[in-house]
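Okay, structure first, notes after.
Computed from the coordinates by the stated procedures, all read-outs in this text should not be read as laboratory data. Computed from a prediction, not measured in an experiment: that's the story for all the values here. Cβ coordinates were reconstructed from backbone atoms using ideal geometry, including for glycine residues, and neighbour counts include every protein chain displayed.
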Amino acid sequence: MGLRDLVVRAATSRPRVLVVEMPGGAPARMAVERELDRRGWPVGTAPGSADVLLLAGEVPEPLAEAVELLWDQLPGPRARACPSGPGDVAHELDAAQASLRDDLRQRADARERDREPASSWVEDDMDHGDMDHGDMDHGDMDHGDHGDMEMAPGGIPLAEGDDDRDGLEMDVLVHPLGPLLDHWPGGLELRTRLHGDVVAEVEVHRPAAEAAEAADDVPVAAATWDAVATVLALVGDEVWARRARALRDQHLGLDGAGDQHAVRAHLARLARTHVLPHSVADVLGRLLDERLDPAAHRLDDAALSSLLEGHDLGDVRLMVAAHAPLLPLGRAEEVGHD
């Protein structure tokens, strides 16, 4: 083995993986996270810093073009993995790592990219780094339908004006979230109307019903811990997020009917002992009050919009993550309570 091969193997020993859940892909995504934790591979939070794009679950046709646009944003060397279910995860990750180490394949991919015309989706190259929890993919958004909104070069909508509570004019901007984001329910798309940083209106678009219903049922306790882990991962606390994922995996084989008190006790201890921002603490409090409530009901589009409206944009991703078990996306199984 030559020096070049040694360098390549060292550079790809722990590739960074951007995990994007497809509609109905929650079980595959959980299996991916479990395998990444076992291998010690880092999770990517943006395409520009990822080595591997992993699509958890089958890609529905309406999202195929958006997936290709997201794929175009990964720098080379790059690889793609598409496990359709939990049983495919290890093989797909091994294949992705082998692809990263395949010099001929990566050179051919680089030549093909050089021949491709420059993308007209200039907004995908914009820097959203100043938005807390607001980095997003716009790949599949229809930017051709903005009514009378004024557009900048490249089709980017400009902010409009509207009256605030004091009668003064403030900027209003239509801002999309999803459907291709890390730590985001598969296929969910929100189109928010912002008054400054505050979400004034939310338009909800769900994935195709047949795709969402294809997901295996997840016990409610496991879904709850999955939501906790996602919230903690979004705020950058990977140590506690990994602990929450481990607890989630312990509950995946249970029916969830007899362990509600234990889950509540764990969540209460987390809330007492872990110093969290106020918005995150509030989200975890909602988990205690609502996620394990036997009377908790699914959030339809109107309820989800009402829940998010009036909050800062930076809190929206946290709130969606915390309420994911209540979204009708094939995520959590309805179970009885003692």
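Could you give the size of the charge dipole of segment 1-84 about its Cα centre, using +1 on the Cβ of each K and R and -1 on the Cβ of each D and E, expressed in debye and rounded to the nearest 20?
Working: 10 positive and 11 negative charges, 111 e Å.
Here the size comes out at about 540 debye.
Residues with amide H under 5 Å of Val43's amide H, sequence separation 5 or more or different chain, H placed in the peptide plane at 1.01 Å from N; which?
Val17
Can you give me the long-range amide H partners of Ala81? Hydrogens built in the peptide plane at 1.01 Å from N, cutoff under 5 Å, separation of 5 or more residues or another chain.
Close amide H contacts, sequence-distant or interchain: Leu53, Leu54, Leu55.
Between Arg9 and Asp109, take the C-beta separation as r, use R0 = 22 Å, and let me know the FRET efficiency to the nearest 0.05. Could you put the intermediate results ahead of the total?
Numbers: r = 19 Å, r/R0 = 0.85.
In this case the efficiency is close to 0.70.
Under the 0.36 nm per residue contour assumption, what length would be gained going from the current alpha-carbon distance of Ala98 and Asp312 to full extension? Please report the intermediate quantities before stating the final value.
Working: separation 214, 0.36 × 214 = 77.04 nm, distance 4.23 nm.
Additional length available on full extension: 72.8 nm.
Sort segment 35-89 into rounded, prolate or oblate with this rule: let a ≥ b ≥ c be the square roots of the eigenvalues of the Cα gyration tensor; rounded if a/c is under 1.5, and if a/c is not under 1.5, prolate when a/b is larger than b/c, oblate otherwise. Walk me through the numbers before you get to the answer.
Values: a/c = 2.42, a/b = 1.11, b/c = 2.18.
Oblate shape, in that a/c is at least 1.5 and b/c is the bigger or equal ratio.
Provide the FRET efficiency to the nearest 0.05 for the Ala90-Arg298 pair, computing r from the beta carbons and using R0 = 45 Å. Mind dumping the intermediate values first?
On the way: r = 33 Å, r/R0 = 0.73.
About 0.85, to the nearest 0.05.
Long-range amide H contacts for Val172: which residues qualify at under 5 Å (H placed 1.01 Å from N, peptide plane, sequence gap of 5 or more or a different chain)?
Glu160, Gly161, Asp162
From the Cα gyration tensor of segment 65-106, with a ≥ b ≥ c the square roots of its eigenvalues, which class applies: rounded if a/c is under 1.5, or else prolate if a/b is larger than b/c, or else oblate?
On the way: a/c = 3.26, a/b = 1.13, b/c = 2.89.
Taking the square roots of the gyration eigenvalues as a ≥ b ≥ c, segment 65-106 is oblate.
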